[in-house]
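Since the structure comes first, as structure tokens, the remarks are kept for the end.
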Amino acid sequence: MSGTVLVLNSGSSSLKYQLVDPEDGSRLAVGLVDRIGEASSTIEHDADGTTTERHATVRSHQEALRTVIGLFDEVGPRLADAHVLAVGHRVVMGGQEFAGPALIDDDVLATIERLAPLAPLHNPANLAGIEVARELLPDVPHVAVFDTAFFHDLPAAAATYALDREVAQQHGIRRYGFHGTSHQYVSRTAAAFLGRDLADLRQIVLHLGNGASASAIAGGRPVDTSMGLTPLEGLVMGTRTGDIDPAVVLHLARSAGMGIDELDALLNRRSGMRGLTGHNDMREVHRLAAEGDEAARLGLDVYVHRLKKYVGAYTAVLGGLDVLAFTAGVGENDAEVRARVAAGLDVLGIRVDPERNVERGDDVRRISPEGAAVDVLVVPTDEEITIAHEAISLL
Ligand code: ADP
């Protein structure tokens, strides 16, 4: 092993980390500090087949990372012996500034901070993680890998909102797109799996996790994506509305007297599948729907309907389709959603083989029947390995 990359993903109240061998993709450790800033935080550290769980009060990201480094020392693998080549940080918003990964220095940090108003829920937490990590691991290069970078060169027709030009320019309002690391990884992996040249493929990637986004990718370059200025736009998600008439917001402000913070929480945290069914976990929604729960059934209908609309629209944008790839928690595991999205789309060449669709596995697999015009694939995403590769690409 020539070295490892420590991949860090700092959320507002969590710190996820993986120690990755970028050569063979193996994980030397995987862990999570959850509920930072609350009375009792949980720390889970998996290494060498053993899970270490702790409960403690972790007040800040700084304490969280100190605890993690302590765990590496205590139960291994020791970071000092792991030849850490770089720390790769997931950063959600890279704005117009970052078209690829960036070696972090004070200027890069200042730019990420300047972009915070565009991603108030994410960039400040990402920034806190970077600052702490640079302080505690000062001897290795730190690299920021942006969720938006893959979509940096989205065609103007797709990136531009039909909003007053001056207002848009003044406030940096455009479609930035998110989950870029995943869309990039999945589209490349799909081409490799099919033994096809990426340049020849028109692909739609459906990243369906708690957050969900669709992208249209031609020849390896994105030509449209469903998330916009923020991750709120597009598909129905675990707790977010996705597309909605913006006048709903005006209406609720005017006639229900809702303030900005309340609306923000409503649209981002109390809507989507949770708002429609009471649950953001799709397994629970299916369980209720099977019992005849009307709200759960309608929730699934709305979820699938939105996906179908995007598949149709993106096939049109691409002028045809070669690959439809499902990824992330729902995309990888939910055979019913996959089948329902594909149902009735024969007209677009999209068909799903019922037996292949229900087979489970951790590897890339084709779920369309032999000879189908569109290769429908399930591609387990791997954002951490992509972040690790992007990080060492700069060394
Ligand atoms: P995140 O966006 O948090 O990274 P993931 O990609 O891990 O999310 O997806 C988490 C979601 O995946 C869960 O909330 C749940 O809705 C869904 N999910 C996980 N396993 C299954 C399953 N077996 N069947 C259906 N949905 C699943």
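In terms of its C-alpha gyration tensor, the range 111-219 has an oblate overall shape, because the principal axis ratio a/c (a ≥ b ≥ c, square roots of the eigenvalues) is not below 1.5 and a/b does not outweigh b/c. Working from Cα pairs under 8 Å separated by at least six residues, relative contact order for the range 1-148 is 25 percent.
On a C-alpha basis, how far is the centre of the range 173-236 from the centre of the range 84-107 in Å? Whole number, if you could? Centre-to-centre distance over Cα atoms comes out at 20 Å.
Peptide packing for 92-101, 369-378 was compared via the average number of neighbouring C-beta atoms within 10 Å per residue; ordered from the highest value, the list is 92-101, 369-378. For the range 288-395, the list of chymotrypsin sites (Phe, Trp or Tyr not before Pro) that fall in a loop by DSSP and count at most 11 other C-beta atoms within 10 angstrom is empty. In terms of packing, defined here as the mean over residues of other Cβ atoms within 10 angstrom, the peptides 73-79, 173-179 line up highest first as 173-179, 73-79. Counting only DSSP beta bridges with both residues in the chain, the antiparallel share comes to about 65 percent. Sort out for me the Cα centre separation of the range 135-172 from the range 37-51, rounded to whole Å. Cα centroid to Cα centroid, the span is 32 Å.
In this structure, residue 256 and residue 302 have a Cβ-Cβ separation that, at R0 = 30 Å, corresponds to a calculated FRET efficiency of about 0.85. Each of 367, 392 was scored by other Cβ atoms within 10 Å of its Cβ. Listed from fewest to most, they are 392, 367.
Each peptide in 47-54, 278-285, 352-359, 17-24 gets a packing score, the mean of other Cβ atoms within 10 Å over its residues, and the list from highest to lowest is 17-24, 278-285, 352-359, 47-54. Angle check, please: helix 180-194 long axis (alpha carbons) against the longest principal axis of the chain (alpha carbons), in degrees 0 to 90, nearest 10. It is inclined by approximately 70 degrees. Among 385, 204, the order by Cβ neighbours within 10 angstrom, fewest to most, reads 385, 204. Here the contact order of the range 14-94, divided by its residue count and restricted to Cα pairs under 8 Å and six or more residues apart, works out to 20 percent. What does the charge count around residue 146 come to, taking other residues whose C-beta lies under 11 Å from its C-beta (Lys +1, Arg +1, Asp -1, Glu -1)? Combined, the nearby Lys, Arg, Asp and Glu give -2.
Using a cutoff of 8 angstrom between alpha carbon atoms and counting only pairs six or more residues apart, the relative contact order for the chain works out to 14 percent. When 215, 187, 255, 60 are arranged by Cβ crowding within 10 Å, least crowded first, meaning fewest neighbours, the order is 255, 60, 187, 215.
Can you give me the angle between helix 123-136 and the longest principal axis of the chain, using Cα atoms only, in degrees from 0 to 90, rounded to the nearest 10? The angle comes out near 30 degrees.
Here, each number is a calculation from the coordinates, and none is a lab measurement. Because the structure is predicted, anything quoted here is derived from the model rather than measured. Ideal geometry is used to build each Cβ from the backbone, glycine not excepted, and the neighbour counts take in all protein chains shown.
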